[in-house]
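See below for the structure under consideration.
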Amino acid sequence: MQARNAGWWALLMPAFLLLTVFYIAPILQVLSISFTEPELGFGNYERILTNRSVQRTLSTTGRIAGITTVLALVLGYAIAYSVTMASERARRWWILCVLVPLWISVLVRAFAWVTLLRRQGLINEALIGMGTIQEPLELVWNEFGIIVGMVHYMVPYAVLPMLSAMRDIDPRLMTAARGMGASRWTVFSRVFFPLSLPGVLAAAVLTFILSLGFYVTPAILGGGKTLMVAEWISVQILDLIRWGFGTMMATVLIVTILVTLGVFSRIVNMRRLFGGGH
Amino acid sequence: MEGAYKPGWFARSTGLIVALYLVLPILIVLPVSMTDQRFLSLPHESLSLQYYRNLFASPEWFASIAQSFWIALGATVLAVVSGTLFAIAAWRLDRRLVNLMRALMLLPLIVPSIVYAIGLYRYFRWWDLLDRIAGVIIAHGVTGIPYVVITVSTALAAFDPRLEQAARGMGANLSQLLRWVILPRIMPGILSGAIFAFIHSWDELVIVLFIASRDVFTLPRRIWDGINENVDPTMAAVAVLLVFFTVLLLLADLAVRKKRDG
């Protein structure tokens, strides 16, 4: 029996070794550098309390991630609801509307938003052409641009867990409630919405932790003026070569994410999320 | 469907508007890529394919596309082989320790790539893997493993374990069991995983920004430079090709799933 299982254990090894040597090890090194450079101790962490740039980055990141999460949840809920209520045929199109943006390169999406939002972009041109505004609006290279792009990125991630929770709701419950004279709004607010809450919570955790560490979209749409944590880390490491400082922030980021996830781990099921659209 | 419940006009129109918000901004790159102007804009007088000609005539873009393709292929092989074997063994053993290992495999989906990227930047210097194609393949392969583990585990959930016992009973050894009994049944799951691992590597930017410099210049890195330096409509042409390519891969995945389910 033991000998037979040895073969199975051997099959686990390639992935496990790859992950340990080429994933876990470099990340542990990041964590350790934060305590050892420039000198041994908690010096880097003390700066959370004293350094303005660290504090500003943390609060900007928390604010943007929070706003993004709320907006992505509201918009994602509308889509997930429509998918759940759609007929079998229509549902396929709806899901395509979610999955295609999910897998389109994040760079392509950020680029598309630059095209639309910049000063000579399509939206400003259109508004000026119609005479609605005289001067172009500042739609990008600020927090507004970052949030527009991030919400666009996060909505599909918000939809999937909500969708999977909504699909478990028996549609006959709503029909029954209607039959007993409840209005559409009552059916939604008293029957459907409470039942969909676990999905909403899972979606909230997921979009929030993804937003916290996001690099590409804030970097492109923020134009280097509004720094979120990920871009701030990259500036510390690549431009200022302050490893201790940068890795300290990386550690704070990881710990925040893991703690959030740990607290909600009973609700969030990562495997279900990517597991195959049903 | 029995007991169908139809949503009201408000819910339906809100859903539709959000769907448009998701899709329209991506589609806008198509007309922009065919502009007759010299800057990013909608076509004014006529449609033009000049930026597609630019793109195909440019050795830099072409080299980046080729490099990204080979890297993605290598990373996919790495992720699919190790991830599939892992998922099968984890499914078969099903112990607490193994489930812990499986949770560990999902880490790359949760830990932000910036953290991994700065770690690798330092770590790969020891291994002399900075600015090497092999280094990028390893990094993308390892971070692609979770996609394969997830899709293959899902496929295995539908696999009848008695088939394995029967094969064992008839004297099949481990490799025969894998090759003739298990792998053929979970092929659609493996293919799905391969598609996602490929897209993951093909689109990956953050790690590459840190571990590549002169020699490795993948497509996402060239797009990144393009966006930050000179935004010209050639970028829109690249974006259109990428969107087209991704949709194609997703349709392939849908076809694979349909075959599995149907």
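The values are calculated or read from the model by the stated rules, or taken from the named source; none is laboratory data. Not measured: the values here are computed from a predicted model. With ideal geometry, Cβ positions are generated from the backbone for all residues, glycine too; neighbour counts draw on all protein chains shown.
Conditions (1) within 11 Å of chain B (Cβ to nearest Cβ); (2) under 27 Å from A:ALA202 (Cβ atoms); (3) modelled with pLDDT of 95 or more, marked per residue:
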{"site": "A:VAL106", "(1), (2), (3)": "yes, yes, no"}
{"site": "A:ILE123", "(1), (2), (3)": "yes, no, no"}
{"site": "A:GLY131", "(1), (2), (3)": "no, no, no"}
{"site": "A:GLU138", "(1), (2), (3)": "no, no, no"}
{"site": "A:ILE147", "(1), (2), (3)": "no, yes, yes"}
In the stretch A:1-49, residue surrounded by the fewest Cβ atoms within 10 Å (Cβ to Cβ) [restricted to those that are at the interface with chain B (Cβ under 9 Å from one of its Cβ atoms) and of a type in the set (Phe, Trp, Tyr)]
A:TRP9
Quick check: anything in the stretch B:84-102 of a type in the set (A, V, I, L, M), out of contact with any Lys or Arg (no Cβ under 6 Å at 6 or more places or on another chain), more than 9 Å from every other protein chain (Cβ to nearest Cβ) and surrounded by 15 or more Cβ atoms within 10 Å (Cβ to Cβ)?
no
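Residue-by-condition table, conditions (1) closer than 12 Å to A:ALA112 by Cβ; (2) modelled with pLDDT of 85 or more; (3) touching a helix residue (DSSP H, G or I) at 6+ places or on another chain (Cβ under 6 Å):
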{"site": "B:PRO7", "(1), (2), (3)": "no, no, yes"}
{"site": "B:PHE10", "(1), (2), (3)": "no, no, no"}
{"site": "B:GLY15", "(1), (2), (3)": "no, yes, yes"}
{"site": "B:PRO25", "(1), (2), (3)": "yes, yes, yes"}
{"site": "B:SER48", "(1), (2), (3)": "no, yes, no"}
Has the stretch A:158-179 got at least one residue that is free of Cβ contacts under 8 Å to residues at least 12 places away in the same chain and out of contact with any Gly (no Cβ under 9 Å at 6 or more places or on another chain)?
yes
Checking the conditions here, which among B:SER41, B:SER46 is exposed (fewer than 15 other Cβ atoms within 10 Å of the Cβ) and polar (S, T, N, Q)?
B:SER46
What helices (runs of 4 or more DSSP H) lie completely within the stretch B:183-238 and have 1 or more residues being crowded, with 24+ Cβ neighbours inside 10 Å and among the small types (Gly, Ala, Ser)?
B:183-203
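Determine, yes or no, whether B:PHE69 is over 23 Å from the mean Cα position of the chain (by Cα) and either under 30 Å from A:ARG178 (Cβ atoms) or surrounded by 13 or more Cβ atoms within 10 Å (Cβ to Cβ) (or both).
Spelling it out, it is not the case that B:PHE69 is over 23 Å from the mean Cα position of the chain (by Cα) and either under 30 Å from A:ARG178 (Cβ atoms) or surrounded by 13 or more Cβ atoms within 10 Å (Cβ to Cβ) (or both).
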Residue under question is B:GLY74, and the condition is that it be closer than 23 Å to A:VAL205 by Cα, modelled with pLDDT of 95 or more and more than 10 Å from every other protein chain (Cβ to nearest Cβ); does it hold?
no
Residue hits (the stretch A:173-189; assigned to a helix (DSSP H, G or I) and surrounded by fewer than 12 Cβ atoms within 10 Å (Cβ to Cβ)) are A:GLY179, A:TRP185
Kindly indicate whether any position in the stretch A:67-81 is of a type in the set (S, T, N, Q), at pLDDT 95 or above, crowded, with 23+ Cβ neighbours inside 10 Å and closer than 28 Å to B:HIS200 by Cα.
yes
Qualifying positions in the stretch B:108-135 - more than 7 Å from every other protein chain (Cβ to nearest Cβ), among the aliphatic types (A, V, I, L, M), surrounded by 16 or more Cβ atoms within 10 Å (Cβ to Cβ) and under 20 Å from the mean Cα position of the chain (by Cα)
B:ALA117, B:ILE133
